[in-house]
Amino acid sequence: MPSDIVVCPQCKTHLQNSLGIAGQIVACPQCQTQLQMPDLSQAVAGPQLPSPAALPPAIELPPPAQFGAATDSAFPASGPMAQTNRPTREAAASVADRLRTRSNPLAIGFVVVMALVVIAVGAISFLGQQADQEKSQFARRMIGNWELVPGQKNLDRWDFAFHADGELQMALGSQLNEGRWEVTSLQGQTGYVLIAWPDDAPQTLRVRLESGRMQVELDGVGNFAFRAAVP
């Protein structure tokens, strides 16, 4: 009678042949050697062997993968997928989260301070340019010859000649004085005019120009009105 016991040619392990694996290629459970299981009708008789119940069963190999076919046919449709040790990639953070993570509070503070400094410098520069422009306009209105309006403190003559180059002539009675003049600041409609004399201390005139007249206020002297005079 044909035997249902097959001996592994590699490790001599006795394998139990059965109708389920007869005629197929199986792997030895001990050494994993692949061997062809014969049909039960063609099995070769062997020596007296132990009871089949004491023998390890043969391991049935899966059918070979068909390379080059579609992906769905090369792998089983179900079953657990291979596990790896690679961590799951977290979802991309939002733009706000990235900014909060990468931003430095000190750097942000420095940028804010520098921006405020630039704004302040720009504002000061603008205001300075505007003030210089207003002083220049006021000075241009002063350029020319001015004579004292008659009837003020019994003065016979008090004339001013303001020149565009900053030169100044002042005639007080029969005395002629020369110096330099400059509009230093404005407060509303009043201009502060610094008079620098070569042989005397400088003086500041408070000047108002209105209705073709020049109102001059000099500390310790008083207020006087001047009108445009023919050069």
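Starting from the stretch 3-17, keep only residues that are part of a strand (DSSP E or B), then list their pairs with residues that are charged (D, E, K, R) whose Cβ atoms are within a distance under 7 Å, requiring at least 6 positions of separation or different chains.
From residues that are part of a strand (DSSP E or B), the pairs are Gln16/Asp4.
Taking the condition at positive phi, in contact (Cβ under 8 Å) with a residue 12 or more places away in the chain and touching a strand residue (DSSP E or B) at 6+ places or on another chain (Cβ under 6 Å), does Gly166 pass? So that I can check it myself, show each step before the final result.
On the way: at positive phi: yes; in contact (Cβ under 8 Å) with a residue 12 or more places away in the chain: yes; touching a strand residue (DSSP E or B) at 6+ places or on another chain (Cβ under 6 Å): yes.
Against the criterion (at positive phi, in contact (Cβ under 8 Å) with a residue 12 or more places away in the chain and touching a strand residue (DSSP E or B) at 6+ places or on another chain (Cβ under 6 Å)), Gly166 qualifies.
Output the number of the condition that Ala139 fails; it satisfies all remaining conditions of (1) within 19 Å of Val216 (Cα to Cα); (2) small (Gly, Ala, Ser); (3) under 38 Å from the mean Cα position of the chain (by Cα).
(3)
Take the residues in the stretch 203-231 that are surrounded by 11 or more Cβ atoms within 10 Å (Cβ to Cβ) and assigned to a loop (DSSP other than H, G, I, E, B), then tell me which one is modelled with the lowest pLDDT. Working first, answer last.
Step one: of the stretch 203-231, the residues surrounded by 11 or more Cβ atoms within 10 Å (Cβ to Cβ) are 203-209, 213-218, 221, 223-229.
Now narrow it down to the ones that are assigned to a loop (DSSP other than H, G, I, E, B): 221, 229.
Numbers: Val221: 82, Ala229: 86.
So the residue we want is Val221.
The values are calculated or read from the model by the stated rules, or taken from the named source; none is laboratory data. In this text the structure is predicted, and so the values were computed from the model without any measurement. Counting neighbours? That spans all protein chains shown, and the Cβs are built from the backbone with ideal geometry, glycine included.
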